[in-house]
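Where a number appears in this text, it was derived from the coordinates with a stated rule and is not lab data. Since the structure is predicted, the reported quantities are computational estimates derived from the model, not experimental observations. Virtual Cβ from ideal backbone geometry, glycine too; neighbours counted across all protein chains shown.
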Amino acid sequence: MPVVLELGAAGTGAALAQFVRHAISQVQQFGLGLTLTLSIACGDDQPRALQPRSSGEPFPEEVHKSAKLGSIESDVTVPNGQQARVPCATCHSLVDTQKPAERPDELKDFHRGLAFKHGSLACVACHQAERPDALHLANGEKLSMNEALALCAQCHGPQKRSFDHGAHGGLNGHWDARRGPRLKNHCVDCHDPHAPQIPVVKPVLPPIDRGVVPRHAGGAHGQPPPAPEPTPAARKASR
């Protein structure tokens, strides 16, 4: 049995609250099988104009240029409270690359204590031997640090495909590219290239399955419900 409840342009919180109470009473009266249609008019009671159909050329889609690709954190704190970053070339321009390190534990002067958990790869599998602050593909093609996304894609194809479609990595901007630009996260915004697996974390608040646990069976966010207020008789007996 459908019931249509309409609220005119009263525009006051009291009128809206009265309307909601009336709607709830109708639901309780007719049972769970009720089809309830709420028609609320606001302001001058005019329907909101539909947005025009998107047209024209799509806006550009860019990938975030992370500072991690060309610099490293130092132990110096700058006035804004963040750690100062040092360009890679500051140190690597002074490094003797005649014998590049094969494994992180061979690093004696730079990056000591570097945590590496990325398969059995050697440093030169991704870094150029003669230029450790640059990269290369498996076929030998040389890349700058800003082209690291292509290096990730040669091994992580499924993730790159999902990234291209917007299902992996996240983005900011417009879903409809004809309405505005998009800015995608870079791989290194979420993953450490030397230890890319994101650690397992425990949610701050436990999830609630609303299909199993009634909404009012527990307190907020799965916490035990608050103790009921004692009745006047119970308060009098406890004195």
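Anything over 24 Å Cα to Cα? Flag those among Lys68/Lys202; Lys65/Lys160; Lys65/Lys142; Lys160/Lys202; Lys108/Lys202; Lys65/Lys99, in the order listed.
Beyond 24 Å: Lys68/Lys202; Lys160/Lys202; Lys108/Lys202; Lys65/Lys99.
Using a basic spin-label model with each label point 7 Å from the Cα along Cα→Cβ, how many nm lie between Ala195 and Asn146?
Rounded to a tenth, the inter-label distance reads 3.0 nm.
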